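Everything on this sheet refers to the single structure shown next.
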Amino acid sequence: MSVGLGTIRSAGRGVLVISLWALGATVAVTQESDDDVREGRALYDSHQCWQCHGYEGQGSVAGVRIAPTLYPYEAFARLVRHTNLMPAYSPNVLSEEQLRLIYAFVQSILEPPPLEDIPELDFE
Ligand code: HEC
């Protein structure tokens with residue numbers, strides 16, 4: 001009888017451990033991508049992207065709108081790495097990892113709501 005009880009207890013603990021582990025893994029993944037976005041924003045600021053593209057990638061007089069982006073990372077990186085109307089950022093100035101973090105930040109910027117859905121802009 002005591003053997004039976006022991007088996008039930010350890011089975012119960014096993015299930016608990018597994019469910020906590022699964023929860024921990026989910027939290028860790030979300031945490032990491034939030035950190036990427038935060039670091040990406042800091043790099044976007046320190047590498048002066050905002051001067052031409054605006055703080056939210058919305059564009060300005062000097063640079064086009066870059067967020068939200070539909071570009072896959074490779075296309076995004078090519079545009080940043082090669083001189084066009086924008087000064088090129090070489091890997092000496094901006095590492096591959098830093099550019100990936102900036103891309104994570106740009107990707108995190110969502111499409112704004114349509115103008116007609118913003119009550120403050122309804123002047124009727
Ligand atoms: C000195 C102003 C300036 C700065 C600083 C700058 N850009 Fe640009 N960027 C531009 C201009 C101008 C274009 C348009 C280039 C063209 O059409 O040939 C552009 C184009 C781009 C494009 C392509 C957009 C498209 O759809 O064609 C991306 C992506 C981009 N920039 C990302 C960045 C990132 C990331 C940074 C910071 C690491 C940055 N830019 C810093 C001026 C700037």
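What is the packing order of peptides 50-61, 110-121, 79-90, 94-105, taking the mean over residues of other C-beta atoms within 10 Å and listing the highest first?
The packing order, highest mean first, is 94-105, 50-61, 79-90, 110-121.
Using a 1.4 angstrom probe, figure out how much accessible area region 51-124 has per residue, in square angstrom, rounded to the nearest whole.
Details: 5470 Å² over 74 residues.
With all protein chains present, region 51-124 gives 74 Å² per residue.
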Carbon and sulfur together cover what percent of the accessible area of region 34-111 at a 1.4 Å probe radius? 58 percent
³J(HN,Hα), Karplus 6.51/-1.76/1.60, whole Hz, each residue of region 98-108, x for Gly, Pro: 5, 5, 5, 5, 4, 4, 4, 5, 4, 5, 6
Students often check this: by mean Cβ neighbours within 10 Å, which of 41-48, 66-73 ranks highest, and how do the rest follow? 41-48, 66-73
Using the Cα gyration tensor of region 34-111, the equivalent ellipsoid's semi-axes, largest first and to the nearest Å, work out to 16, 15, 12
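The values are calculated or read from the model by the stated rules, or taken from the named source; none is laboratory data. Quick caveat, the model's predicted, so the values are computed rather than measured. Please note: Cβ atoms are built from the backbone with ideal geometry, for glycine as well, and neighbour counts cover all protein chains shown. Protein only, heavy atoms only, side chains kept; ligands, DNA and RNA dropped before computing areas. Shrake-Rupley method; radii C 1.70, N 1.55, O 1.52, S 1.80 Å.
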